[in-house]
Amino acid sequence: MIQIDCPLCGLRDESEFTWGGEAHICRPENPDTVGDEEWGSYLFMRQNPRGNHRERWCHSYGCNQWFNLIRDTVSHKITSIYPIDQLAPESGDDNE
Amino acid sequence: MHRHSILSIAKHALTGHRHWPQFWRTPAPQSHYDVVIVGGGGHGLATAYYLAKEHGICNVAVLEKGWLGGGNTGRNTAIIRSNYLNPVSTRFYDLSLKLYEGLSQELNYNIMFSQRGVVNIAHSRAQLRMMNYRVNALQHAGIEAEMLSIEELKFLMPLLRENSPSGRQTFGGFIQRRGGTARHDAVAWGYARAADALGVDIIQNCEVTGFNQSNGEVVGVQTSQGEIKTSRVGLAVAGHSSELATKLGFRLPITSMALQAMVSEPVKPVLDVVLDGTIYVSQSDRGELVLGGGTDVYNSYAQRGNLPRVENNMSELLDLFPAFSRLKFMRQWAGTVDTTPDSSPIMGHSPVEGVYLNCGWGTYGFKAIPAGGLTFADTIANGRPHPLIDAFSLQRFTSGALIDEGDSSGMDDKEALL
């Protein structure tokens, strides 16, 4: 069980939240002109790191707001929580 | 190989069973192998076995970073079935089931395959309709499966509560009678013992730390026990596939999730089929209830489960079987499963020449071990995908030819719960 510090509601149990997968995936600017490879990569390919992962969460059973955070996928420790419209802060180790 | 038989058991009984030989050697890695298999779980060991047996390629190493069968092979709930939907899937999984039927004889090792029947249960009309669709598809593919009425469900599972106070109703179900369970450790040990006897080197505590490439081709692997030269590498590392892919310079459409299982204290026989629904539960030969559900809700490499999913699995179990409410649960654990967007595996070529993929098994890898090993060995030996796994290529995520098995793999209804 992890607890997440919702930017609006404060510390709550994970069961109140919905995980939204990897954050900062950019839809190709011009879908009409991208090839299958790039489009497939956008749709399906994921970082899936063992270590720090930048991901989206929604406080579904609270304020219903989306936000981003950085979480270690082994220890589940959350090191940073930041707004959905912000670029990722330097996380040091993001396995890229 | 020391063959197991009634005679050999009797002979060893005379000396108090103190002189059974070791099942496999513990060799140091050589400097070169024809094929290196990364991952000493069911798929890796089966691949090595079939490489040696079917293709005569015996200069093979299986590298395992931990202990043999200590990953998802030893952590699953040991269910075997082939009741999938798409023809490419049913053909593949039914080959696997057929191989399982003869595996104890093939390996001369008792894998305790018990074909007690796998029952799926529908809690809505939509689910029932989907089951009808699946049963029709299965029968069309020549695979035995039949719909069950509520009365038939209650006959098979007398303790089942069809309508619970939570408002859940039961609308029917279906059964694949050839499905069942096997002892998962025995599958790994049986393949390891048979592969070792054919000359395969099984090297435990040997982690792959990197790959040597030259002109886009693999020429060797770096391990915690030194460098090994090879031109063919098979990756069978389940939840850790993305990590190795990163080392090789490509990405995979895989998300690693924690999938939990747990067992109760042993009780007298109460459930003699495998139930597959919002949770899956069967009773082991020792009498323990073996219980599993969906994955945890976020990606994880922790190999340990989370309390919300335990609570969810328990409440589902008691909703179906209120009689189990006073059972104590003894153990709970988790494996790191490699889920894909369409709940089908990824097998065949990788973007790096000489590196072959056997991953994306998500929540359904154990049942696929014999067919996975057989087709993967064929793929590596011949340098082209085996016809049965052609559709499972990584390329499908570019072409869009996905094989949606979200319903058959159980990912759909189990995810909808949380």
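The numbers here are math on the coordinates, done by the rules we state, and not lab data. Source: prediction; values computed, not measured. Here the Cβ is made from the backbone with ideal geometry for all residues, glycine too, and neighbour counts use every protein chain on show.
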Problem - Residue check for B:Gly69: under 25 Å from B:Arg3 (Cβ atoms) and in contact (Cβ under 8 Å) with a residue 40 or more places away in the chain - result: yes
Exercise for the section: Could you tell me whether region B:173-182 includes any residue that is among the polar types (S, T, N, Q), under 26 Å from the mean Cα position of the chain (by Cα), more than 30 Å from B:Val355 (Cα to Cα) and part of a strand (DSSP E or B)? Expected result: yes
Exercise for the section: Residue by residue through region A:1-32, note down the ones that are part of a loop (DSSP other than H, G, I, E, B) and either under 30 Å from B:Lys247 (Cα atoms) or of a type in the set (Lys, Arg) (or both). Expected result: A:Ile2, A:Ala23, A:His24, A:Ile25, A:Cys26, A:Arg27, A:Pro28, A:Glu29, A:Pro31
Handout entry: Set B:Ala186, B:Ala195: member being within 30 Å of B:Gln22 (Cβ to Cβ) and buried (at least 23 other Cβ atoms within 10 Å of the Cβ)
Key = B:Ala195
Handout entry: Residue among B:Ala188, B:Ala192, B:Ala197 that is within 17 Å of B:Tyr364 (Cα to Cα), touching a residue at least 40 places away in the same chain (Cβ under 8 Å) and away from chain A (no Cβ under 14 Å)
Key = B:Ala188
Practice task
Please indicate, with yes or no, whether at least one residue in region B:132-143 is surrounded by fewer than 16 Cβ atoms within 10 Å (Cβ to Cβ) and hydrophobic (A, V, I, L, M, F, W, C).
Solution key: no
Practice task
Go through region B:15-32 and give me each residue that's without any contact (Cβ under 8 Å) to a residue 24 or more places away in the chain and either farther than 18 Å from B:Tyr49 by Cα or of a type in the set (Val, Ile, Thr) (or both).
Solution key: B:Thr15, B:Gly16, B:His17, B:Arg18, B:His19, B:Trp20, B:Pro21
Problem - region B:236-267 - residue that is more than 14 Å from chain A (Cβ to nearest Cβ) and part of a strand (DSSP E or B) and, of those, farthest from B:Gln303 (Cα to Cα) - result: B:Ser264
Exercise for the section: Considering each of B:Tyr100, B:Tyr49 in turn, give the residue that is of a type outside the set (A, V, I, L, M, F, W, C), outside any loop (DSSP other than H, G, I, E, B) and farther than 30 Å from B:Val281 by Cα. Expected result: B:Tyr49
Practice task
For A:Glu29, work out the one condition from (1) exposed (fewer than 13 other Cβ atoms within 10 Å of the Cβ); (2) touching a strand residue (DSSP E or B) at 6+ places or on another chain (Cβ under 7 Å) it doesn't fulfil.
Solution key: (2)
